[in-house]
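Peer 1: Could you have a look at this structure, given as structure tokens, before my questions?
The values are calculated or read from the model by the stated rules, or taken from the named source; none is laboratory data. Note that the structure is a prediction, hence the values are computed from the model and not measured. Positions of Cβ are generated from backbone atoms using ideal geometry, with glycine treated the same way; all protein chains shown enter the neighbour counts. Side chains included, ligands, DNA and RNA excluded: accessible areas come from the protein's heavy atoms. Shrake-Rupley method; radii C 1.70, N 1.55, O 1.52, S 1.80 Å.
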Protein chains: 4
Amino acid sequence: MAENGKRPIRLGMVGGGTGAFIGYVHRIASRLDGDYQLVAGALSSRAEIARESGKNLGLAEDRIYTDFAEMARAEAAREDGIEAVAIVTPNHMHFAPAKAFLEAGIHVICDKPLTSSIEDARALQKVQPKNGAKFLLTHNYTGYPLIRQARALVESGALGKLRVVQVEYPQDWLAVAPEEDNKQAAWRTDPSKSGAGGAIGDIGTHAYNLARYVTGLKTSAVSADLDAFVPGRQLDDNVHIMLRFEGGAKGMLWASQVAVGCENGLQLRVYGEKAGIEWRQDNPNSMWFTEFGKPKQLLTRGGAIDGSAAGAMGVRIPAGHPEGYLEAFATLYSQFAAIIRGEGAEFEGLLPTLDDGVEGMEFIMAAVKSSKDDSRWTPLG
Amino acid sequence: MAENGKRPIRLGMVGGGTGAFIGYVHRIASRLDGDYQLVAGALSSRAEIARESGKNLGLAEDRIYTDFAEMARAEAAREDGIEAVAIVTPNHMHFAPAKAFLEAGIHVICDKPLTSSIEDARALQKVQPKNGAKFLLTHNYTGYPLIRQARALVESGALGKLRVVQVEYPQDWLAVAPEEDNKQAAWRTDPSKSGAGGAIGDIGTHAYNLARYVTGLKTSAVSADLDAFVPGRQLDDNVHIMLRFEGGAKGMLWASQVAVGCENGLQLRVYGEKAGIEWRQDNPNSMWFTEFGKPKQLLTRGGAIDGSAAGAMGVRIPAGHPEGYLEAFATLYSQFAAIIRGEGAEFEGLLPTLDDGVEGMEFIMAAVKSSKDDSRWTPLG
Amino acid sequence: MAENGKRPIRLGMVGGGTGAFIGYVHRIASRLDGDYQLVAGALSSRAEIARESGKNLGLAEDRIYTDFAEMARAEAAREDGIEAVAIVTPNHMHFAPAKAFLEAGIHVICDKPLTSSIEDARALQKVQPKNGAKFLLTHNYTGYPLIRQARALVESGALGKLRVVQVEYPQDWLAVAPEEDNKQAAWRTDPSKSGAGGAIGDIGTHAYNLARYVTGLKTSAVSADLDAFVPGRQLDDNVHIMLRFEGGAKGMLWASQVAVGCENGLQLRVYGEKAGIEWRQDNPNSMWFTEFGKPKQLLTRGGAIDGSAAGAMGVRIPAGHPEGYLEAFATLYSQFAAIIRGEGAEFEGLLPTLDDGVEGMEFIMAAVKSSKDDSRWTPLG
Amino acid sequence: MAENGKRPIRLGMVGGGTGAFIGYVHRIASRLDGDYQLVAGALSSRAEIARESGKNLGLAEDRIYTDFAEMARAEAAREDGIEAVAIVTPNHMHFAPAKAFLEAGIHVICDKPLTSSIEDARALQKVQPKNGAKFLLTHNYTGYPLIRQARALVESGALGKLRVVQVEYPQDWLAVAPEEDNKQAAWRTDPSKSGAGGAIGDIGTHAYNLARYVTGLKTSAVSADLDAFVPGRQLDDNVHIMLRFEGGAKGMLWASQVAVGCENGLQLRVYGEKAGIEWRQDNPNSMWFTEFGKPKQLLTRGGAIDGSAAGAMGVRIPAGHPEGYLEAFATLYSQFAAIIRGEGAEFEGLLPTLDDGVEGMEFIMAAVKSSKDDSRWTPLG
């Protein structure tokens, strides 16, 4: 039961069978605020795993599917059918189910990047959802309260005209080749499943989206230098990008899966004429805010800030009690639930959309193109 | 539905009506891993609020109670009655419901401190639970994965014989008197509801429990100096305690509600003959571990550690994606669920018990006594 | 040559021969701002080492002494004799030379603690310095610019009435017994050289002095629990003290030489009715300052502060370029030089005095007494 | 007198008159270890200021010069003439005095960047120093002990083959235009004095040099995007550069004078196949070192490391007592003194050279060229 007494939204899941990482995360996110109840799933493309995974998650026999299309059809036909679906498959398997469920009038919550090709992304953009079915792209870092506050600070003009944006997302888990043994690694480094981008699609798009989300700046062009350092790897595992934004601001983006010693070091720094902000995921409950000529201030989640926006921020518990990755993820889920119920007007504009997903794909494509073209400045789209 | 496909445990709640903080936390914790479903409640001692709160949480009309005793009786009698109850009332209202539900054969999850008096605590210890009903005391900080790892490190002998324990829990929210306007502050500073201890009961017991949980050291005596700095306040808002442990280790405990600039700065440092550990709640996903003569190592939750104990640790997601307060709380709930289902042998001994609660009360009483007695060394119990 | 064109003050040194740590530090501190020139020394009580050390430091043959009394006499008689002397011997060898040089009209810069006994300390207090010879006690941490700023903040009333003072100085270099091999360890753990206190005299007095320096609070009593954890050690290596100040503020002091993983973790935290400050030596160029209900501010040395007091603060280079231990030490030396030259009125009151040294000894004695007396509250003096 | 009893080297200074920042730093650095004595100076190009500054620093009347050429000639002719000279003028005034003193047989300590033009740099490279006069370029950050250790770790193979180098140097002091009021700002933003580069010459070369110093990697090309954000500013105040190194490693360099909230945020991160290191100037006494699959280790200056190299590292005082910018600077001075005295064989190769200065100029020129050429990859030299 949702905290606000609303009946939980009936949720299905495509992908996320036994051993999957992100499906598990989506399920926790759906449960945390009580807004969803998982009742159906096509949890794997392999029938046996789909069945076993469904059983393990306590789904009713007749709502364990081995095919997402069948699931879309069947659930749309049920009185008690799912109202929303979470798509948590590898990238190349986002497009088809997303299209199927939108056309069946079922709301879609889709992991990022949107698709594995720009063509798929644009095709999805043209799909006509039945009954106004809505779409959420889980760029989950946008759910962090202080990221919301950073965005609000930029919008308020507190930073003045923006000048410099530094964003990075270093990891080290692919510093050696775990592809043979590790399911997570295997599909992410396989172009037929990931698409044209490796690190850039998996984490570079997160970093890019975060910078765009907070700054609101439009990208005019990218100059990229992509590498695959681990011998035999087909997709990039290190991404260096310079960014030019409309209006003259400049940026740098670094994403890496080979930066030994980095776990998930997502970091965003934004500098304007009047102030700067600095935020890191490894301690997401605080953020530096510095006005020129004044001491640095440490803003804390739910701390000494303007409380009027606390709802939009997604703050649950008092400052000093850390919230984390799962809460940020859950905020996307619960605010999308409010929108589904027609009660989420205040959250419109705060959640990542299908259009953001298309831009993410354009970013990947432009970066890959620039890198192949000796880092020539390349516009998006 | 629980992640492991088990049917959720039917949960009731005593306290936690509209505006309550800790009840909300308990509900999130109960939902996060899918192990519980809230189906009944006596959410307030005031009938109207109880009813409205129950409705807001979507409880069935006939399972919204205005009296916990009636609830215990009625639910015990139902085929589909609650299997466990969360007691989230102010301290003086822990004893009676805990006794009632245990005697009704319903498992009890009780917030800390155990009671508001040592007499109540000992009386509760003597209650004979029906049908082996179990008891969980939510000293939630024991659910942090790195606290579990710290305990395992101590147990393994990695620190050698322990010498010094420094624990502290500073806050600042009571630095001025918010008692008039703030429900949370009002009962915590009222001896008739909190008991003999203010800060020492509210956060000092958390700090004490954490030190005991990680070190396993038994306390021989305390020397305390308690203060109420805010004019008119009846209970302590700053706690200075020196600790002596059996075997010769020594400790210091500081708890404060008037330390301006501190949000929830729980910190534990333990030093032995061979190594030391240092952990802070404001970044609970890392912990210092230093062996004598070697560089400090930053252990991270789910990071480069012995994975064999990951289950007991309660790690959900990869290192670098921060988990927080709610996940630690939820780990207590889900591991207690496993114990309720008879599947939690590995968690026995990891969860705070009624006996821990009695010791917490003895700690409060000894500290208050010592402080009144010019800080004379005073044994517990 | 001093930065301000003044002729360097002629300096002598007692102690500080080959292999000594603190003598080396004093020499760097004396040179850093160009205010002193070392021209004479009784660098060791062992004649051979004294001679060799003097030669190594380039002293003229006739100004290398093997006896401090002879040195005081001879230098006082020379036209070009030393104007000041640095006393950097073990504690039990502070009193006699300090007395001798003061009575010879030579300014004294003396390492802490003042002496090895309270009787010596008080006797020194009664010495009549010839020609107004002045005395500096090198509680060097008082030379940190942000410590000066912390003191100024307290004095200005920015914190309001003080309530809680937490100070600590943990180290780990004596966690095992290095006494046999290590000259520094040997005398510090030998009561005949250190006096009645071990850790409390070596680092506890630093912590105590720092708290007193910043807060200005007067101590009414201490309750102490001292331990010698390393087998066979005669003096304390871990110090737990509760403090009561006049006016009602309370404090805790922890000093340890057995806290594995701590290098020189001096930390001071002061909380008042209106604001709190927090400073750590391991990053001495920043300090937290938090006003109640506002975000934490990170004040930086020479950063966005009131520049009017920069001179008294001892800031040399721009914010962001770290200064450290040696600069703080040198600030004491150069401000004492200004006082010697009669140009340091603004520094009067900022430098640790002989009276501070006597109080430090009273603190040691009171703590040792309290600890022997089962931590009974014991007044100083 | 030097700590090792050697006679101090007689030092002159060109530039560094009243109000100058870096001249003051050089003087402290020269004094700190007692290896130099300032005896002559041409401290300003304006005669009156030169005279007054010389007097203020206590120079003898006849050794206060108003012209560096005259100073070189006169001092070379004196029996007691200067043995070394520090050149601390704005960039465009490095070449001529450096040439003059080298040709006069006087050792040169020169601030960076080497010159204001690549032509001057190369011309200086061809100068034939008289009597083997030596040259030190004060890329002072190379004097930090942990930077020395980082370099040793790379050389030892502990990181394996290098892959990624991230270096940055953000400041904010030029975020608004202080050029009118501020002498430091005025010449740095004036192409006739600074040369073709603004931020890139002032701090970008420091960052570049540091990356080169630690990694030993040779640069094959740079792709740069330089901006002048402050209206009216002629030289760059923000520098974005991608780097390609021989052997395939890649890098990013960010230097900025408009990053509001950054003081002197020099940071270097180097990742190899086997391990990574991360160091920041704002806390220069610790450095992360992480081997793949193991916990992060915090190496500390003088801490638990291989002590065999401590001399080369330049460690003065025990771990935990912070050293800073001035000590690092002084280490360059004192190790250069050892070389001048013919006793510094162990330091050969550790100090920045004239060749490093030429490469720094090539780096500036290549970056400026690349930026004008739409960030085309541009080789150095």
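Peer 1: For D:Ser45, which inter-copy label distances result when the label point lies 7 Å beyond Cα on the Cα-to-Cβ vector, reported in nm to one decimal and in ascending order?
Peer 2: 6.1, 7.1, 8.3
Peer 1: Bin all alpha-carbon pair distances of the protein assembly as shown at 10 Å intervals from 0 and give each bin's fraction as a whole percent.
Peer 2: Cα pair-distance distribution for the protein assembly as shown, in percent: 1, 8, 15, 19, 19, 17, 11, 6, 3, 1, 0, 0.
Peer 1: Put a dot 7 Å past each Cα toward the Cβ at D:Arg46 and D:Lys193; how far apart are the dots in nm?
Peer 2: 1.1
Peer 1: Would you mind telling me the share, in percent, of accessible area of region C:192-276 contributed by carbon and sulfur at probe 1.4 angstrom?
Peer 2: After summing per-atom areas, the C and S share lands at 45 percent.
Peer 1: If we hang a label 7 Å off Cα along the beta carbon direction at D:Glu348, how far is it from the matching labels on the other copies, in nm, shortest first?
Peer 2: 5.7, 7.3, 7.6
Peer 1: Would you work out the relative contact order for region B:168-235, in percent, from Cα pairs under 8 angstrom that are 6 or more residues apart?
Peer 2: 37
Peer 1: Kirkwood Rh over Cα pairs of region C:256-348 into Stokes-Einstein at 25 °C, 0.890 mPa s: D in µm²/s?
Peer 2: Result for D is 160 µm²/s.
Peer 1: So what is the relative contact order of chain A, in percent, for Cα pairs below 8 Å that sit 6 or more residues apart?
Peer 2: Computed value for chain A: 18 percent relative contact order.
Peer 1: Same structure, new question: Just the number, please: percent antiparallel of the DSSP beta bridges in chain B, rounded to the nearest 5.
Peer 2: 60
Peer 1: Once Lys and Arg get +1 and Asp and Glu get -1 on their Cβ, which of C:Leu57, C:Gly34, C:Pro97 lies farthest toward the positive end of the dipole of region C:9-133?
Peer 2: Going by the charge dipole, the pick is C:Pro97.
Peer 1: Right, next: Which whole number gives the average count of other chain Cβ atoms within 10 Å of the Cβ atoms across peptide D:5-13?
Peer 2: Mean partner shielding for this stretch: 1.
Peer 1: Place a point 7 Å from Cα of C:Glu273 in the direction of its Cβ. Which residues in region B:213-250 have their backbone N less than 11 Å from it?
Peer 2: B:230-231
Peer 1: Taking every DSSP beta bridge with both residues inside the protein assembly as shown, roughly what % is antiparallel (nearest 5)?
Peer 2: Here the share of antiparallel DSSP bridges comes out near 60 percent.
Peer 1: Counting only Cβ atoms, what residue of chain C lies nearest to the axis that sends chain C onto chain A, and how many whole Å off?
Peer 2: With distances in whole Å, chain C gives C:Gln297, 3.
Peer 1: If you average over every viewing direction, what projected area does the convex hull of the Cα atoms of region C:199-333 give, in nm²?
Peer 2: Computed as one quarter of the Cα hull surface, the answer is 10.3 nm².
Peer 1: Using a 10 Å cut-off on Cβ to Cβ distances, tally the other chain neighbours for every residue of C:119-129 and report the average as a whole number.
Peer 2: If you average over the peptide's residues, the count of other-chain Cβ atoms is 0.
Peer 1: For the residue pair D:Ser220 and A:Tyr24, what label-to-label distance in nm results when each label sits 7 Å from Cα along the Cα-to-beta-carbon direction?
Peer 2: Going by the 7 Å Cα→Cβ label model, 4.1 nm.
Peer 1: For chain C, modelled as a GNM with alpha-carbon contacts under 10 angstrom, which of C:Pro145, C:Pro352, C:Pro178 fluctuates the most?
Peer 2: Of the options given, C:Pro178 has the highest mean-square fluctuation.
Peer 1: Given charges of +1 on the Cβ of Lys and Arg and -1 on the Cβ of Asp and Glu, with all other atoms neutral, how large is the dipole of chain D about its Cα centre, in debye to the nearest 20?
Peer 2: Taking the Cα centre of chain D as origin, the dipole is about 720 debye.
Peer 1: Excluding ligands, DNA and RNA, what is the accessible area buried between chains A and D, summed over both sides, using a 1.4 Å probe, to the nearest 100 Å²?
Peer 2: Adding both sides of the contact gives about 3600 Å².
Peer 1: Run the numbers for B:Asp67 and B:Ala123: contour at 0.36 nm per residue of separation, minus the present Cα-Cα distance, in nm.
Peer 2: Extra length from B:Asp67 to B:Ala123 when fully extended: 18.0 nm.
Peer 1: Can you give the average number of partner chain beta-carbon atoms within 10 Å of each beta-carbon in peptide D:261-274, as a whole number?
Peer 2: 6
Peer 1: Starting from the eigenvalues of the Cα gyration tensor, five times each then square-rooted, give me the equivalent ellipsoid semi-axes of region D:148-269, largest first, whole Å.
Peer 2: 30, 14, 11
Peer 1: Another question, then. Over chain C, with a Gaussian network built from C-alpha contacts below 10 Å, which listed residue (C:Gln128, C:Gln335, C:Gln281) shows the highest mean-square fluctuation?
Peer 2: C:Gln128
Peer 1: What gaps in nm, shortest first, separate B:Gly5 from its twins in the other copies when you place the label 7 Å past Cα toward the beta carbon?
Peer 2: In ascending order, 3.7, 8.3, 9.0 nm.
Peer 1: Further question on the same structure: If you build the convex hull over the alpha carbons only and average its shadow over all orientations, what do you get for chain D? Give it in nm² to one decimal.
Peer 2: For chain D, averaging the hull's shadow over all directions gives 18.6 nm².
Peer 1: Tell me the accessible surface of C:Thr300 in square angstrom (1.4 angstrom probe, heavy atoms of protein chains only), to the nearest ten.
Peer 2: Per-residue accessible area (C:Thr300): approximately 20 Å².
Peer 1: Take the residue pairs A:Lys296/C:Lys6; A:Lys6/A:Lys183; A:Lys372/D:Lys274; B:Lys369/C:Lys296 and return only those whose Cα atoms are more than 30 Å apart.
Peer 2: Beyond 30 Å: A:Lys296/C:Lys6; A:Lys6/A:Lys183; B:Lys369/C:Lys296.
Peer 1: Have a look at C:Leu11, C:Leu253, C:Leu57 and tell me which one the Gaussian network model of chain C (Cα, springs below 10 Å) gives the largest fluctuation.
Peer 2: Per the Cα network of chain C with a 10 Å cutoff, C:Leu57 tops the list.
Peer 1: Here's another thing I want to ask about it. Taking the radius of gyration and the Kirkwood hydrodynamic radius from Cα positions alone, what is the Rg/Rh ratio for region D:1-108, to two decimal places?
Peer 2: Here Rg/Rh amounts to 0.94.
Peer 1: I need the GluC sites (Glu not before Pro) found in region D:60-161, filtered to DSSP loop residues with at most 13 other beta carbons within 10 Å of theirs.
Peer 2: Sites meeting the loop and neighbour criteria: D:Glu79.
Peer 1: Something else about it: Quick one: ranking A:Asp181, C:Asp33 by accessible area, 1.4 Å probe, largest first, what do you get?
Peer 2: A:Asp181, C:Asp33
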